[in-house]
Amino acid sequence: DYVVVKMIPDNRLPPRHLHSVHTGKTFAVIKWESPYDSPDQDMLYAVAVKDLVRKTDRIYKVKTRNSTVEYTIKKLEPGGKYHVIVQLGNMSKESSMKINTVPLSAPDALKIITENDHILLFWKSLALKESNFNESRGYEIHMFDSLMNITAYLGNTTENFFKVSNLKIGHNYSFSVQARCLYGGQMCGEPATLLYDELGTGEDSSATESSSPTDVAAIVVPVLFLLLVTLGIGFVLLYMRHRRLQSSFTAFANSHYSSRLGSAIFSSGDDLGDEDDEAPMITGFSDDVPMVIA
């Protein structure tokens, strides 16, 4: 036995599973489910967006019969903070969440030029890659002194360079440049950071990390090249010496070659003495010549 029970929809329940699907710089995609499964009629939702920085409110209306609802909130500001509330149009119980939009990117190509008594920071205009950035907003510059362990706000500018003076000898500094913060420093861009020491050589942290292997290679490669050249010269000298020894031996052997015997004759050294090398060799005796014995 069984019985079918149909529950009476309760429009006082809040939307379920409210969450953010994707957040950009100027928009956010949110998603939620209806208070109960399979609505049999269109449901009217009220989406309230509270700007926690500007202290303003906006309300949007969404009418749908779908069990799962996806909605895109537009006209947000980069780096903003928002409180989103979703409820039925009859002001039932609500579901809420907080959203932080993506801040503006960091300026590119931050460089340092050293002058006599000051340095100049240079960077590319952020408007080249950020359509939501206006040059009139400007940039703000911060400095971190690693020796004193303090961070100082140096000021802001609408230009793409900034002059820094009164740097102390023996101190290492880190400079950061970002889109100027709005509304009490709550809506800022991502900072671009550059390291600088008192010797006047500004360098990026990534460049510092990659410089060590390059310096090692600059030393090792010439040393290996010199070793290879030395080995090559040694092999050439050994080969030339071998050829000279072979030539000398061949000439020596040819000078002692006997065409009558068909071989080379070498002296054992026992018959060598103080006699004149130019003395004629006695080859034989004739029968008609008397031999005199002293």
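The values are calculated or read from the model by the stated rules, or taken from the named source; none is laboratory data. Computed from a prediction, not measured in an experiment: that's the story for all the values here. Every residue, glycine among them, receives a Cβ derived from its backbone with ideal geometry; neighbour counts consider all protein chains shown. Side chains included, ligands, DNA and RNA excluded: accessible areas come from the protein's heavy atoms. Shrake-Rupley method; radii C 1.70, N 1.55, O 1.52, S 1.80 Å.
A few points about this structure:
- With all protein chains modelled, accessible area of His19 [1.4 Å, Å²]: 80
- Cβ-Cβ distance of Phe122 and Tyr60, R₀ of 51 Å, FRET efficiency by 1/(1 + (r/R0)^6): the value works out to about 0.70.
- Length gained when the stretch Arg244-His171 is fully extended (0.36 nm per residue, less Cα-Cα span): 19.5 nm
- The calculated FRET efficiency for Lys93 paired with Val53, based on their beta-carbon distance and R0 = 30 Å, is about 0.65.
- Projected label points at Arg12 and Glu70, each 7 Å from Cα along the beta carbon direction, are separated by 3.4 nanometres.
- Residues whose amide H falls under 5 Å from that of Arg16, counting only those 5 or more places apart or on a different chain, are Glu33, Ser34, with hydrogens built in the peptide plane.
- Within the stretch 12-51: backbone nitrogen closer than 17 Å to the Val102 label point (7 Å, Cα to C-beta): 20-30
- Here the simple spin-label model places points 7 Å from the Cα toward Cβ, and for Thr114 and Lys163 these points are separated by 2.0 nm.
- Shown here: the stretch 38-123, whose C-alpha atoms stretch 77, 24, 16 Å along the first, second and third principal axes, sorted largest to smallest.
- If R0 is 51 Å, the Cβ-Cβ spacing of Phe225 and Ser136 corresponds to a FRET efficiency of close to 0.35.
- Equivalent ellipsoid semi-axes, the stretch 108-197, via Cα gyration tensor eigenvalues times 5, rooted, Å: 23, 15, 10
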